[in-house]
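Any read-out appearing in this document is the output of simple, stated calculations on the displayed coordinates, not a laboratory observation. In this text the structure is predicted, and so the values were computed from the model without any measurement. When we count neighbours, we look across all protein chains shown, and the Cβ atoms used for this are built from the backbone with ideal geometry, even at glycine.
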Amino acid sequence: MQLTVRVKPGSRRGPLVEDTAEGLVVHVRERAVDGAANAGVVKVLAAHFGVAPRDIEILRGHTARIKRVEVDA
């Protein structure tokens, strides 16, 4: 399953996944430095969907806040 998520790095609300009218919003505490936020997104989405982190892949948007993610379930 592929989906588009909006990431809020450095968020005090994180780790959290919100389902809004615009789609999924992922709040992570990690800052967007050296891929830390991407690793946080993978970890949070894996917990949200109940899969292993290896089953989550960021397809597009590695350096952007809007990312295209694939979840292997």
With +1 at each Lys and Arg Cβ and -1 at each Asp and Glu Cβ, the charge dipole magnitude of the stretch 2-71 around its Cα centre, to the nearest 20 debye, comes out at 280 debye
Loop-resident GluC sites (Glu not before Pro) in the chain with no more than 16 other Cβ atoms inside 10 Å, DSSP not H/G/I/E/B, are Glu22
For the stretch 2-71 the mean separation of alpha carbon contacts under 8 Å (6+ apart) over residue count, i.e. relative contact order in percent, is 32 percent
log10 I(q)/I(0) for the chain, Debye formula on C-alpha points only (no solvent), q = 0.23, 0.28 Å⁻¹, two decimals, reads -1.01, -1.51
